[in-house]
Amino acid sequence: MLIKQVKDGDRILSETYKFRNAVVEVVAPPPMDKAEVEKILNDMHAIGWEIIEDLVSKGKEV
């Protein structure tokens, strides 16, 4: 259930959901240029590959 969309200081709460007794707040990322977005995506992909390589080296199925 979507509860609200508000600005809270420097962060923007995009959505707030309530699941039973838990409240989940989805925070929008700060404004950034294309180079910053590209760096974040590259970092995420690199970490993902490290995880995959670690699992493979341990003989686990990926």
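Values quoted throughout were computed directly from the atomic coordinates according to the rules given, and no laboratory measurement underlies them. Since the structure is predicted, the reported quantities are computational estimates derived from the model, not experimental observations. Using ideal geometry, Cβ is built from the backbone for each residue, glycine included, and neighbour counts are taken over all protein chains shown.
Some notes on this structure:
- Cβ-Cβ distances below 7 Å connect the following pairs, each with a first residue in region 49-62 that is aliphatic (A, V, I, L, M), a second residue that is exposed (fewer than 11 other Cβ atoms within 10 Å of the Cβ), and a separation of six or more residues or different chains: Ile52/Val62; Leu55/Val62; Val56/Val62.
- Cβ-Cβ distances below 6 Å connect no pair with a first residue in region 31-45 that is within 24 Å of Leu13 (Cα to Cα), a second residue that is aromatic (Phe, Trp, Tyr), and a separation of six or more residues or different chains.
- Extreme residue, farthest from the chain's Cα centre (by Cα), among residues of region 18-56 that are assigned to a helix (DSSP H, G or I) and β-branched (Val, Ile, Thr): Val56
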